[in-house]
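The values are calculated or read from the model by the stated rules, or taken from the named source; none is laboratory data. From a predicted model like this one, the values you see are computed outputs, not experimental measurements. All Cβ positions, glycine included, derive from the backbone under ideal geometry; neighbour counts span all protein chains shown. Accessible surface areas use protein heavy atoms only, side chains included; no ligands, DNA or RNA. Shrake-Rupley method; radii C 1.70, N 1.55, O 1.52, S 1.80 Å.
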Amino acid sequence: MTFSIHGLAVTRGIAIGRAVLVASSRVDVAHYFIEPDQVEGEINRVRRGRNAVIKEIQRLQQSVEALGPKEAPPELKALLDVHLMLLQDEEIIGGVKHWVRERLYNAEWALTSQLEVMARQFDEMEDEYLRERKADLEQITEKVLRAMQEEMQGGSASLYMPAGVHAAGSVDTDAADKTALVLVAHELSPSDMLQFKQGIFTGFITDVGGKTSHTAIVARSMDIPAVVGARSASQLVRQDDWIIIDGNAGVVIVDPSPIILAEYQYKQREHELARSRLVRLRDTPAITLDGEPVDLLANIEMPEDAAAAVRAGAAGVGLFRSEFLFMGRQGRLPDEEEQYQAYRRAVEGMNGLPVTIRTVDIGADKPMDSSAQEGKHLNPALGLRAIRWSLADPAMFLTQLRAILRAAAHGPVKMLVPMLAHLSEIRQTLSLLEQARAELHREGRPQGAVLVGAMIEIPAAALMLKTFLRYFDYLSIGTNDLIQYTLAIDRADESVAHLYDPLHPAVLRLVADTIAEGRAQGKEVSVCGEMAGDVGMTRLLLGLGLRSFSMHPAQILAVKQEVLRADAAKIAPWARQVLDSESPSALMGG
Ligand code: PEP
Ligand code: MG
């Protein structure tokens, strides 16, 4: 039966495919398609994994028995019995066979797909005791996965050790001819999203998350339709359901009827046509009708994204979110050499165009690892995040500064500092930068000059622009956080997403003042938050005097089209009216 789920639109476009439900804890399980001649081998891998766990349980049962009736803990005995019974249930292997044979999923993916199907059956059980067995099912799946992983690695650690070890998160990119797949999850962390970046999914749906949560930002950078904040989507959608994601409206249609499907296939083609028309603008300079040149820059997460930036005709990288190099590594930080090589790859990838490397912005909804401690703080967005995190560990920060300066020897580099609010933070940052410069100089290592900029993303910073402009070469407005902190709305919380308003008069005032003050002092101001890539905001920002926009590469051509159609001088009076209005959105048609 067809039904729809409403969430928040992240990326424009339509995706049509089958649902792949992935539990949040299992997104790092490998997902790839196998060749038909590998089918039996994959099924046997699961069988062997299951048999290894069965053997281990039987061994444990014997040692428990040997303790005698007084010593043997009854809970452990019962647990082992339940696990054994679940493992011997033929539904597991039966389901795995289906996913491997019919869909050509690899063994781990087939096993976790079957887990999702069976977990749903447990959820629907009336009997509370039986319902609670879902946790046992999850545990044994975990153990079978580990047994399979150990077989691959030739290891033999106990399968009844603490859980938490998953198979590698590789994805197969050679899957274009297979059925399109849409990932449905309760929650995905930004680092989870990263592993799907080159992946097999044509769309994403998550229950939680706001429009400018970092998960949404990474989905946008992948340029595939996504809906976040879809509340109970992961409960309502079943493994393998047909799904339509309408990324324009933020709607998910489950099990569409043939008529609805045909309509969306038509919309999908229309959207693709419009995009292919935009490609013609790639080499057209971004200049307004009245001759104002505008810099359209790219936001990237990994050095390899530089290629997409160049393809989109970006004038440089306006924001390299360096924190993505720090994520999903079980807390092991990248050393100077690794960072230097990564920054250098980005710089060389841009062929002489400037690359703005933002110093690490870990924290809040960008934890280093999905299970990390950061989430445990009461107010992580107000906690030890970004520059605060860097300054809390000066040696670590110095490592990054040295790596950035060394990369600057290979092409134009600008450095950008996130979340500054205090003069003391500015002073400490600049003094550490000086120290890094001096150290490299003493060591005789090549380094390049870097312009140093500050992000304006806390109202306090926007209210002390004169100070900021005294210390920095340029400013970049992080509207995602500026909105969050001005309006006191968690950008990652879908329950307050309706209050997250880029057109709130207070937000516009801070943005406009920053642009005006920068221009007055002859210093560049750019916007690198999601507002810069929103075509609905381009004219207003141009009218307020903005001449530098940084966004996901996929948005550059659509924004360029707006720039080419705009007359900056004529728009300015209207932009001032919008700014002075108590209800700016009412004037936005103008
Ligand atoms: C912003 O806050 O607008 C920004 C660009 O930084 P991030 O989204 O990474 O917090
Ligand atoms: Mg920010």
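Out of curiosity, is Q139 over 26 Å from A78 (Cβ atoms), at pLDDT 70 or above and polar (S, T, N, Q)? Against the criterion (over 26 Å from A78 (Cβ atoms), at pLDDT 70 or above and polar (S, T, N, Q)), Q139 does not qualify. The requirement of being among the β-branched types (V, I, T) and closer than 30 Å to R269 by Cα is satisfied by V20. Looking only at the range 304-330, count how many residues are more than 18 Å from the chain's Cα centre (by Cα) and surrounded by fewer than 15 Cβ atoms within 10 Å (Cβ to Cβ). Summing the residues that are more than 18 Å from the chain's Cα centre (by Cα) and surrounded by fewer than 15 Cβ atoms within 10 Å (Cβ to Cβ) in the range 304-330 gives 2.
Among the residues of the range 555-590, those that are open to solvent by 50 Å² or more (accessible area, probe 1.4 Å) and not hydroxyl-bearing (S, T, Y) comprise Q561, R565, A569, K570, P573, R576, Q577, D580, E582, A586, L587, G589.
Would it be correct to say that V507 is within 16 Å of ligand 2 (Cβ to nearest atom) and either closer than 19 Å to D290 by Cβ or β-branched (V, I, T) (or both)? Judged against the criteria, V507 is a match. Here's a check for you: in the range 440-471, which residue that is in a loop (DSSP other than H, G, I, E, B) and within 16 Å of ligand 2 (Cβ to nearest atom) is surrounded by the fewest Cβ atoms within 10 Å (Cβ to Cβ)? Only one residue tops the list, namely I458.
Candidates in the range 379-396 are the residues that are of a type in the set (G, A, S) and within 13 Å of ligand 2 (Cβ to nearest atom); of these, the one that is nearest to A364 (Cα to Cα) is A381. The condition of being in contact with an Asp or Glu (Cβ under 7 Å, 6 or more places away or on another chain) and either within 18 Å of K211 (Cα to Cα) or not aromatic (F, W, Y) (or both) holds for only one of L557, L499, L508, L482, that being L482. Working carefully through the options D223, D246, find the one that is charged (D, E, K, R), over 30 Å from E35 (Cα atoms) and out of contact with any Lys or Arg (no Cβ under 7 Å at 6 or more places or on another chain). Answer to the check: D246.
Each residue in the range 357-397 was checked for being assigned to a loop (DSSP other than H, G, I, E, B) and modelled with pLDDT of 95 or more, and 5 of them qualify.
Please verify whether the range 225-247 includes one or more residues that are among the basic types (K, R), touching a Gly at 6+ places or on another chain (Cβ under 8 Å), in a loop (DSSP other than H, G, I, E, B) and more than 30 Å from A566 (Cβ to Cβ). Yes, there is a match, as at least one residue in the range 225-247 is among the basic types (K, R), touching a Gly at 6+ places or on another chain (Cβ under 8 Å), in a loop (DSSP other than H, G, I, E, B) and more than 30 Å from A566 (Cβ to Cβ). Residue pairs whose Cβ atoms lie under 7 Å apart, sitting 6 or more positions apart in sequence or on different chains, and linking a residue in the range 416-440 that is among the acidic types (D, E) to a partner that is in a helix (DSSP H, G or I) and away from ligand 2 (no atom under 16 Å from the Cβ), are E425/L391; E439/R402. For the structure I just gave you, tell me whether V535 is closer than 19 Å to E292 by Cβ, touching a residue at least 60 places away in the same chain (Cβ under 8 Å) and away from ligand 1 (no atom under 15 Å from the Cβ). Criteria not met by V535. Test A286 against the stated conditions and say whether it is open to solvent by less than 40 Å² (accessible area, probe 1.4 Å), within 16 Å of ligand 1 (Cβ to nearest atom) and out of contact with any Phe, Trp or Tyr (no Cβ under 8 Å at 6 or more places or on another chain). Here the answer is no, as A286 does not meet what is asked. Being more than 20 Å from the chain's Cα centre (by Cα) and either within 16 Å of ligand 1 (Cβ to nearest atom) or surrounded by fewer than 22 Cβ atoms within 10 Å (Cβ to Cβ) (or both) holds for only one residue in L333, L405, L430, and it is L430.
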